[in-house]
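All of the numbers you see were taken from the coordinates with simple rules; none came from a lab. This structure is a prediction, so every number in the text was calculated from the model and none was measured. Neighbour counts are summed over all protein chains in view; Cβ atoms, including those assigned to glycine, are modelled from backbone coordinates with ideal geometry.
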Amino acid sequence: MDSQKPSKKRIAVIPGDGIGQEVIPQALNVIRASGADVEISEFDWGADRYLRDGVTVPPDGFAMLGRDFDAILAGAFGDPRVKTNIHAKEILLGMRFKMDLYANVRPVRLLDAALCPLKGVEPKDVDFVVIRENTEGVYTDAGGVFKQGTPDEIAIQEDINTRKGVERIIRYAFEYCERHTKLDGSPRSRVLMCDKSNAMTHAGGLWQRVFKEVSGEYPQIATQHMYVDALCMQMVRDPRGFDVIVANNMFGDIITDLAAGLQGGLGMAASGNIHPGKTSMFEPVHGSAPPIAGKNVANPFGAILTAAMMLAHLGLAREAEKIDAAVLEAVRQKKTTQDVGGSLGTREAGEWVAKQVGRATVSS
Ligand code: NAD
Ligand code: IPM
Ligand code: MN
């Protein structure tokens, strides 16, 4: 990306709801400790703001983000007081759709064997990435409800798959495979497409044809196909061998929660919503977790690893590496929240990582 540019990176931060408001401040402290040359502007978009003044996204909000910022760091959206979830839809899905952030990149890495619920699985066995289509599918919410409240009620939820959308996400997966290595430095070498083309033949057929076509442009990359149900089984039976997985929006959503389980739970999982060359948005995979919100128990590492992902995307690789290394050290030393076996609170775990990053910054 812009690795040669010395200019200060402008980051828009939207903590959002629930534990988003607890984990994002920790991620910001860690970014500051890394010495990254960034300017941070916070936005209060979320349930509180919506309940206060009815605004989800201010007029011109997405254009402003794209124009004035190099990246966005978001927390989580969802609040039991907003039953329709309208604010989350407009803010979160709004950013993904209206800013055309078509590639949802969700790395799956096991930092320590102790974190994995599977027996005998080590960090080298879980190092893959899910590339989730992020602007189409059933998430477009096309369709409607007819004769609501009558015995003849009909609900239609369309699955929108465009040639352009399918092709660009599959190509993104191949490009990602070509350009990224595994944590141990070995090259990535395989793209697996998962779908449900045995039952959903129209959309599945398009994905199958495009996968075949695009893969022809990358003869050095091995290809594989699995139905999404079989993939879920394989992921918990033996996650070794997965490398780059490409999936549609909904299957990508589901398999990345499953994959988060392999990493120690939702509190450990990071993600980026990316359109190469455009302002992209980074957010932990987890949601606002209302039952644990405000209790200083949420794991901040998913958000902190997400911040590292964002810095790497902005060309700040050294800062990102320091953060990744500090989280790894925290996990090894059990300086973590309870969900991953430690005894620290959200703040304390975040502060431990920030201190570790700060030490690395001073000595570098
Ligand atoms: P969730 O991710 O909030 O929580 C699922 C489970 O994981 C809960 O048991 C929760 O306590 C646990 N968990 C999640 N993050 C954790 C963390 N950092 N540390 C420790 N434990 C953690 O999913 P949900 O319960 O299905 O949804 C709650 C709300 O969040 C809903 O409104 C949902 O729509 C929303 N949501 C938002 C996003 C997002 O903004 N990206 C993602 C998922 C869900
Ligand atoms: C995620 C979340 C969202 C999704 C929800 C909150 C709409 O689960 O980021 O994975 O389904 O994409
Ligand atoms: Mn999800």
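Our coupling estimate for the stretch 210-223, obtained by passing each phi through the Karplus curve with A = 6.51, B = -1.76, C = 1.60 and θ = phi - 60°, is 5, 4, 4, 4, 5, 4, x, 7, 10, x, 7, 9, 6, 10 Hz, Gly and Pro reported as x. Sequence-distant contacts, meaning Cα pairs under 8 Å at least 6 residues apart, place the relative contact order of the stretch 102-274 at 35 percent. Within the chain, what is the longest stretch that has no GluC sites (Glu not before Pro) placed in a DSSP loop and near at most 14 other beta-carbon atoms within 10 Å? The reported range is 1-152. If you build a Gaussian network model of the chain, linking Cα atoms that sit under 10 Å apart, which residue out of Pro59, Pro123, Pro300 swings the most? Largest GNM mean-square fluctuation: Pro59. Springs join every pair of Cα atoms under 10 Å in this Gaussian network model of the chain, and among Gly264, Gly315, Gly54 the largest mean-square fluctuation is at Gly54. Along each principal axis, taking the top coordinate minus the bottom one, the Cα set of the chain gives 61, 53, 42 Å in descending order. Convex hull volume of the Cα atoms of the stretch 191-238, normalised per residue: 55 Å³. The H on the amide N of Val108, modeled in the peptide plane, is under 5 Å from the matching H of Phe128, Val129, Val130, each at least 5 residues off or on a different chain. With both residues required to sit in the chain, DSSP beta bridges show an antiparallel share near 40%. Using Cα centres only, tell me the gap between the stretch 1-60 and the stretch 170-206 in whole Å. That distance is 31 Å. Shape summary: the stretch 102-274 maps onto an equivalent ellipsoid whose semi-axes, from the alpha-carbon gyration tensor, are 29, 21, 13 Å in decreasing order. Please name whichever of Gln148, Met193, Leu266 sits farthest to the positive end of the charge dipole of the stretch 102-274, dipole taken about the Cα centre and charges placed at Cβ: Lys and Arg +1, Asp and Glu -1. Checking the options against the dipole of the stretch 102-274, the answer is Met193. For the residue pairs Lys124/Lys196; Lys124/Lys212; Lys89/Lys335, the alpha carbons lie more than 32 Å apart in Lys89/Lys335. When the Gaussian network model of the chain links Cα atoms closer than 10 Å, the mean-square fluctuations of Asn273, Asn134, Asn85 top out at Asn85. Note on the stretch 219-364: along the principal axes its Cα atoms extend 45, 36, 28 Å, ordered by decreasing extent.
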